[in-house]
Structures are given as structure tokens and as C-alpha cells.
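Okay, structure first, notes after.
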Amino acid sequence: MFRFLHAADIHLDSPLIGLEAYEDAPVDEIRGASRRAFDNLINLAIDEEVDFLLLAGDLYDGDWKDYNTGLFFVDRMARLKRAGIPVFIVAGNHDAASRITRSLRLPDNVTSFSTLKPETFILENHGVAIHGQGYHSRSVTDDIASSYPLYTPHYFNIGLLHTALTGKKGHEPYAPCSLETLTSKGYDYWALGHIHKREEILRDPFVVFPGNIQGRHIRETGAKGATLVTVEGGDITAITHRPLDVLRWAHCQVDLDGCESSDDMYERVRHSLEKEQDLAENRTLAIRVELTGSSTLHAELLSQHAHWTQEFRALAAGLGDLWLEKIIFKTQRVTSLQEVTGEENPLAGLLHSIDGLDLAPDMLLDLVPEIASFKTRLPPEILGGEDPFLSDDPQNLKRLQDDVKELLVTILSRSEKQE
């Protein structure tokens, strides 16, 4: 019987560009998260007395800023050496041979696979054969898995590979390969990396993405960690996900259907935040809240967007160890436009025209030519990211257009009632 840990996509010292755009973000805590999560991985390997550790690519996040990143890694590998735990590594696209200009000699318990061709390493005392190949350059578009050797008879065979398989949304299609290619090799376990969400692609044989060990932004939500595998008599008898993250990201939807008062809304948001805190199990939580549903508070949320954003930020701060990354207002009015405007009159006609307005993105830019010039003066952290300000993406522009229409309807409707 033996056990091993399978981890990937460590991204040590990831720079987290653009984080400074949020003035209340726990910058130091987030920046140090990758190292603390890696320490959790090392501690888990030692505490569980695993027989070896597999790292399936993207140990680093590109070239080191200085030698401290490499020194940190060498020190942790030395801890594993003292515990008698060998480590096997393939380079991924972020730490390809062509991307890391600095290097340090690693302890002799660490084996790095060739970046030129597949290699096989044998652990005789456990009857294990590990096959792998790292990336020589960042953009590996060849099916390197097809060159992996067939299984070594009478051994438990593991394939170590950094790949997107046949493609995964949000990830570059590096080292593409099919499941048929993997299963044709006759291996018992494929230890994959590159995809940051944990997924067991197949169980016969096991083809596993462990996900990354620490979420780095709001698109990497939920528990992050490594996969612990137990093998007895040549068969896998247990495979478990072990969380290692120290800071967790969450995306929470709060349904405001039927919500009649601001106090009720406040309590619904509080309840949702507290529920997410419980799921985070005493970790610092970075959360995005999305308000949805039909509510009489829709107009108030639109017209007092800034006020309620700060109210909810204060709520999150008061709960402790919780940072509200962003709040998105996606509520709808309860009443139809006809009910809002009442009888037909010039104002009602204007409101209906606004509600029916549908401009193509290029038409919007033609109407306001100053936008293009204005965008050239903005810092990259505002224009970049998942939800870029003044994006050229049609979906983002359509969403902005809908928000403007709703705000105009709300303002004009209030003006009509006051008259």
C-alpha cells in the first residue's frame, strides 16, 4: 500500500495585477496566500506521510521577480527531503524552460522531467512508474501525450501532464490531447494540471485535474487544494480532495423577490454573507454579491447605487474576515412599464421609447466619439480585468445600455409622480 499527493497550478508569488484598484482589499493577505497554501501542501504531505508528491505544472507564475521565489521553493523541498518524500515535477506554460531565466539547484529528492521528450522514472520500492514531459516554451500546441510511452508492465503507471485536453473555457488550449490518447497508454492514473477547477474526468482509468491550491481572483471560487490518492494491491482504493487554500473566493446571489423594505433587503444580504462564511470554514472570504429578483426596491437601488454599495461593504467589514469584492445590481421592477406610466401621455411615450431603445455597440461609439479618446487616458487596471470599464465587448455594452434605460425610466417616473 502507498499514497501520493497530486497538486498543480501553484503559481507561487502571483503578482495579482490590478488589486490596488480596490482601496479596501486585503492586499498583503491575498499576495501571501499562494505561499501559505503551498506551506499547507507541504504540511499535508508530511502529516499524511505520503510516499511521493506530484506537481503537474505551473509551479511558478512566470519569471521570478528575484531569487526569493526560488529560495522559498528550495527550502520547502528540503523539508520534504528530511521527511523522506520524493517530488516529481513537470513544467507548465507559466514556468516553461524558456520563461524562467533564473535557476537554483534543487535538493536531490526533486525530479524534474525533460522538456524535450517524455521520460519515465521508476520507484522500485513501491512498484510505480511515472511518465512525464514538461514544456520547453509557453505555447505548446503539439499533442505531447501521444509521444508518452506505453505502460510499464507489472508497475502502477502514472502519467504526469500539463494539458487543456480538448479545450476548457478560460484556459489556453496548450498540449491538446484526447481522452482516447490518454487511455490508450494503459496507465492507472493521469495526474493533470492547467485547469484551475478540480475535476475527475474519468475513473477507469483515473484522469484527474486537482485544480489550483489557492484561488487568485473571483473566477476561481470554492475550495482549492490537492488530491490524495491511496493505492492497495495495484488498485486505487481512495481518492479525496484536501482543501489547502487560506483565502476563499465566493460568488453569492441574493434573491430580492418580494422584498418590500430596505431592512428586509439588508437582512437577506447579511444572511447570505454569514452562510458563505460558514462554508469558508474560518478562512478569510473574498465575496462578490449579486442582487437579483423583482422588488419594489429596484428604483431605490438604481438611484442610490453608491449608498447601498457602501452599506453592504460596511456590513461585510462588520462580520470580520470578509471582503466584499464587488456588488452587482441585477434586480428588476415589479410593475410593468405600462403600470409605471399609467395613461398614455407624452411622458409615457418617451418612457416607452427609452425602454425600446436598442443601439448596437458601434452606434454607441459613434454617438459619443470622445469615449475612444477618454479610454486612452485610463490606467490599465481599470480597462483590464473580468469586467472592464468601458469595454468594447457587446454583452458588456448591452448590459450598460439596459442599466441606463432603467435609470432613466426610474428618474422620469418619479418626476411624473411629483408633478
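List of remarks:
- Taken over the range 299-335, the criterion of being closer than 18 Å to residue 261 by Cα and either in a strand (DSSP E or B) or in contact (Cβ under 8 Å) with a residue 40 or more places away in the chain (or both) is satisfied by 299, 302, 303, 311, 312, 315, 329, 330, 331, 332, 333, 334.
- In the set 286, 280, only one residue is buried (at least 18 other Cβ atoms within 10 Å of the Cβ), free of Cβ contacts under 8 Å to residues at least 60 places away in the same chain and in contact with a strand residue (DSSP E or B) (Cβ under 9 Å, 6 or more places away or on another chain); that residue is 280.
- Positions within the range 236-251 being surrounded by fewer than 17 Cβ atoms within 10 Å (Cβ to Cβ) and without any contact (Cβ under 8 Å) to a residue 40 or more places away in the chain, in sequence order: 237, 238, 239, 240, 251
- So residue 227, is it in contact with a strand residue (DSSP E or B) (Cβ under 8 Å, 6 or more places away or on another chain), within 13 Å of residue 8 (Cβ to Cβ) and among the polar types (S, T, N, Q): yes
- The numbered conditions (1) touching a Ser or Thr at 6+ places or on another chain (Cβ under 6 Å); (2) outside any loop (DSSP other than H, G, I, E, B) are all true for residue 259 except (2).
- For the range 230-256, a residue qualifies if it is under 18 Å from residue 276 (Cα atoms), in a strand (DSSP E or B) and of a type outside the set (D, E, K, R), and the qualifying residues are 243, 247, 249, 250, 251, 252, 253, 254.
- Residue within the range 57-71 that is in contact with an Asp or Glu (Cβ under 7 Å, 6 or more places away or on another chain), in the same structural domain as residue 223 (by TED's automatic domain parsing) and assigned to a strand (DSSP E or B) present: yes
- Test: residue in the range 288-297 that is under 27 Å from residue 61 (Cα atoms) and not small (Gly, Ala, Ser): yes
- Yes/no for residue 227 being under 18 Å from the mean Cα position of the chain (by Cα), part of a strand (DSSP E or B) and either closer than 30 Å to residue 154 by Cα or of a type outside the set (A, V, I, L, M, F, W, C) (or both): yes
- Scanning the range 252-263 for residues that are loosely packed, with under 14 Cβ neighbours inside 10 Å and within 17 Å of residue 311 (Cβ to Cβ) yields 261, 263.
- Test result for residue 15, of a type outside the set (D, E, K, R), exposed (fewer than 15 other Cβ atoms within 10 Å of the Cβ) and out of contact with any Pro (no Cβ under 6 Å at 6 or more places or on another chain): yes
- Residue selected from the range 47-66 under the condition at pLDDT below 90 and not acidic (Asp, Glu), by the criterion nearest to residue 138 (Cα to Cα): 62
- Answer residue from the range 150-172, given it is hydroxyl-bearing (Ser, Thr, Tyr) and modelled with pLDDT of 90 or more and is farthest from residue 132 (Cα to Cα) among those: 155
- Meets criteria (assigned by TED's automatic domain parsing to the domain that holds residue 218 and within 24 Å of the chain's Cα centre (by Cα)) for residue 38: yes
- Scanning the range 324-346 for residues that are surrounded by 16 or more Cβ atoms within 10 Å (Cβ to Cβ) and at pLDDT below 65 gives 340, 341.
- Restricting the range 296-323 to residues that are at pLDDT below 90 and polar (S, T, N, Q), the residue that is farthest from residue 28 (Cα to Cα): 296
- Condition met for residue 167 (in contact (Cβ under 8 Å) with a residue 40 or more places away in the chain, part of a loop (DSSP other than H, G, I, E, B) and either in contact with a Cys (Cβ under 9 Å, 6 or more places away or on another chain) or not acidic (Asp, Glu) (or both)): no
- Strands (runs of 3 or more DSSP E) contained entirely in the range 173-219, each with at least 3 residues that are at pLDDT 95 or above, outside the structural domain of residue 327 (by TED's automatic domain parsing) and surrounded by 17 or more Cβ atoms within 10 Å (Cβ to Cβ): 189-193, 206-209
- Residues in the range 154-172 that are loosely packed, with under 15 Cβ neighbours inside 10 Å and aliphatic (A, V, I, L, M): none.
- Among (1) more than 30 Å from residue 316 (Cβ to Cβ); (2) in a helix (DSSP H, G or I); (3) among the hydrophobic types (A, V, I, L, M, F, W, C), the one test that residue 4 misses: (2)
The values are calculated or read from the model by the stated rules, or taken from the named source; none is laboratory data. Here the structure is a predicted model, which is why all the values come from computation and not from measurement. Methodologically, a virtual Cβ is constructed for each residue, glycine included, from the backbone with ideal geometry; neighbour enumeration extends over all protein chains shown.
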